[in-house]
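Below is one structure, written out as structure tokens, with a few remarks after it.
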Amino acid sequence: LVNQLSSAQNSPRVFNKMSNKTIEEQIKYYCAYQERSHNEVKKKLYEIGGVSKDDVEDLISTLIHENYLNEERYARAYAGGRFRSKKWGKQKIIQGLKKQFVSAYCIKKGLEEIDEKEYKKNLKKAFEQKKASIKSDKNKFSRMTKMRTFLVQRGYSFEEITPLLQKL
């Protein structure tokens, strides 16, 4: 079914002839496969085609009511997953959630999935790895710039980075 959904872009004619019930079943499967944001589901429904704006809103409402779609659960899964697997900082996670139009309340709940001890440990580990790779650079300003850029791209804030830069 997921393959059929992903091929919907290539053959919208097939989905135009489908009933809303079939689309509903497939979108439920799409949501059950992994946590999805409301925005991702809306995009998928519009990609499928043959679904009016009112139908999309009705389907989203049904998915929320039947607990296939839950923004807080999505935010928790997104934040926890990005933190554990990609070692992202809070700022990058927040931006990713905002990009999916997740509410501020759900973003806050999602960030609760991050253990502070583990977070600081990841920051120090990233700092040490980068420090080893730039130690050959003799210019202290250049090393600090490279380190700051690297850690900001990983999603750490300046307030978290500054004490570490003093040790460089």
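The values are calculated or read from the model by the stated rules, or taken from the named source; none is laboratory data. None of these values were measured; they are calculated from a predicted model. Calculation scope for accessible area: heavy atoms of the full protein, side chains included, ligands and nucleic acids excluded. Shrake-Rupley method; radii C 1.70, N 1.55, O 1.52, S 1.80 Å.
Figures for the structure shown
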read-out: Surface accessible to a 1.4 Å probe, per residue, for the residues of region 26-168, Å²; value: 59 Å²
read-out: Sulfur and carbon atoms: percent of accessible area, region 66-168 [1.4 Å]; value: 53 percent
read-out: C-alpha long axis of helix 38-48 to longest principal axis of the chain, angle in °; value: 50 degrees
read-out: Accessible surface, 1.4 Å probe, highest first, among residues V41, V152; value: V152, V41
read-out: Spatially proximal lysines relative to K53 (Cα-Cα < 22 Å; intrachain offsets below 8 disregarded); value: K17, K21, K28, K42, K43, K44, K99
read-out: Those aspartates and glutamates that a straight Cα-Cα span of less than 15 Å connects to K108, excepting residues fewer than 8 apart in one chain; value: E71, E72, E116
read-out: Alpha-carbon Rg with Dmax, taken over region 116-168, Å; value: 10.5, 33
read-out: Compactness of region 54-168, expressed as Rg and Dmax over alpha-carbon positions, Å; value: 18.2, 62
read-out: Values of log10 I(q)/I(0), in the order q = 0.15, 0.21, 0.22 Å⁻¹, for region 23-93 under a Debye, Cα-only, solvent-free model; value: -0.53, -0.85, -0.90
